[in-house]
Amino acid sequence: MSEPNQKKSCSQVMDEWKEFMWNPRTREFMGRTASSWAMILMFYFVFYAFLTAVFILSMWVMLQTIDEYNPKYSDRLVNPGLMIRPKLDALEIVYTINGQNASWQRYVDGLHTVLQDYNQSVQEHRGTVCPSGVYNRQDDFGEVRNYPKKACQFVRDNLGDCSGVGFDPMFGYANGTPCVLIKMNRVINFFPKVIPSLSNTSITIRCFGRKIKLAANETNEENDNLLGSRVYFPSTNQGLGSIDLKYFPYYGNRAQKNYTQPFVAVKFLNVTQNMDHNVECRINAANIKNQDERDKFQGRVIFRLRIDS
């Protein structure tokens, strides 16, 4: 009988490993000759060069179909939503009026930061004075781009008592009459249509108190009364928030670099304190949906407001 295989010594293993790395008798490196390694490297070089060329060609063909000024598809934003400022981690404004630490200061700081771009000096440099009540059309002429497109000025003075300048740099937060800024999300080449019974020159915004879930026989009237009176800046003759048609359409960041979104400010004058208020703000335009319960951000925004004494 043959003796069982003996375990190799460490020196034998090292010798075999060295011979595998370089065999001087066959002149092989890691089991292959120089010509074998050259063939393999040449194959992979050609293979990956071909893949790179196919990728570059595919990207070039795709880029020829893309307009650098307008997205090819924008069906996800047919109905724009609304957003509020100040905006922190959540859609809520909750603070206490009294106390050693001013819990409302973060909201005030946030509003001042947002409105820096709306100072008179900045807007005079970035935008132009546009006629009110008409769309700011700046169409291209065939293949000739009308670029860069002009942007209409929106200065913070339009926000009246909620501008943060003048007699109330605290936006009403210190005395329990807070201001909230509302803006409509940008949609390229969107033309909102007015509702003549509300305004002929602007789309409008209205905020009201609401209950998240209403019973069959309930209404939001009581919740709206608890929210108290409110005033809008700028506003229509009917006392609704107003966004002038001159700020539409938006042509995109590349074509209209100096565009600044218009705001509507709502000031809550006598909110019932020490309780939660669910506030809903809706944009009113003939071609914007704002009552679809399946999408609570379509044409509206809902946020929580609470002021503790």
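The values are calculated or read from the model by the stated rules, or taken from the named source; none is laboratory data. In this text, all values refer to a predicted model and were calculated from it rather than measured experimentally. Counting neighbours? That spans all protein chains shown, and the Cβs are built from the backbone with ideal geometry, glycine included. Keep in mind that these areas ignore ligands, DNA and RNA; they rest on the heavy atoms of the full protein, side chains included. Shrake-Rupley method; radii C 1.70, N 1.55, O 1.52, S 1.80 Å.
At-a-glance table
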{"read-out": "Unsatisfied cross-links (Cα-Cα over 27 Å) in the set K246/K267; K246/K289; K87/K289; K150/K296; K211/K246", "value": "K150/K296; K211/K246"}
{"read-out": "Cβ charges +1 (Lys, Arg) and -1 (Asp, Glu), total dipole of the range 236-309, debye", "value": "300 debye"}
{"read-out": "The chain: radius of gyration over Cα atoms, expressed as a fraction of 2.2 N^0.38 Å", "value": "1.68"}
{"read-out": "³J(HN,Hα), Karplus 6.51/-1.76/1.60, whole Hz, each residue of the range 127-138, x for Gly, Pro", "value": "x, 10, 7, 10, x, 7, x, 10, 5, 8, 6, 9"}
{"read-out": "Efficiency of FRET from Cβ geometry, R254 and V134, R₀ 35 Å, rounded to 0.05", "value": "0.90"}
{"read-out": "Portion, in percent, of the accessible area of the range 110-199 that falls on carbon or sulfur, probe 1.4 Å", "value": "54 percent"}
{"read-out": "Computed Rg/Rh of the range 91-198, alpha carbon atoms with Kirkwood Rh", "value": "1.08"}
{"read-out": "Most mobile listed residue (L51, L115, L88) in the chain, GNM with C-alpha springs under 10 Å", "value": "L51"}
{"read-out": "Reach of K18 by Cα under 12 Å, taken over aspartates and glutamates that are not fewer than 8 positions away in the same chain", "value": "E28"}
{"read-out": "Helical mean residue ellipticity (222 nm; -39500 (n - 2.57) per DSSP H run of 4+; nearest 500) of the chain", "value": "-7000 deg cm²/dmol"}
{"read-out": "Convex hull volume per residue for the range 174-303, taking Cα atoms only, in Å³", "value": "133 Å³"}
{"read-out": "Partnerless Cys - the chain, beta-carbon criterion under 4.7 Å", "value": "C10"}
{"read-out": "Accessible surface of the range 223-309 [probe 1.4 Å, protein heavy atoms]: carbon and sulfur percent", "value": "41 percent"}
{"read-out": "Top of S132, S199, S11 by mean-square fluctuation, Gaussian network on the chain, Cα under 10 Å", "value": "S11"}
{"read-out": "Mean Kyte hydropathy of -1.0 or more with a Cα span along the axis of at least 15 Å, helices from DSSP in the chain", "value": "10-21, 34-64"}
{"read-out": "Computed magnitude of the charge dipole of the chain (debye, nearest 20; Cβ of K, R +1, Cβ of D, E -1)", "value": "400 debye"}
{"read-out": "Computed magnitude of the charge dipole of the range 154-292 (debye, nearest 20; Cβ of K, R +1, Cβ of D, E -1)", "value": "660 debye"}
{"read-out": "Semi-axis lengths (Å, descending) of the ellipsoid that matches the C-alpha gyration tensor of the range 42-141", "value": "47, 27, 15"}
{"read-out": "Label-to-label distance, nm, for residues given as K296 and R25 (7 Å Cα→Cβ offset)", "value": "8.1 nm"}
{"read-out": "Gain upon complete extension [V13, L51; 0.36 nm per residue less C-alpha separation]", "value": "9.6 nm"}
{"read-out": "Among L240, L91, L63, residue whose mean-square fluctuation peaks in a GNM of the chain (springs only between Cα atoms under 10 Å)", "value": "L63"}
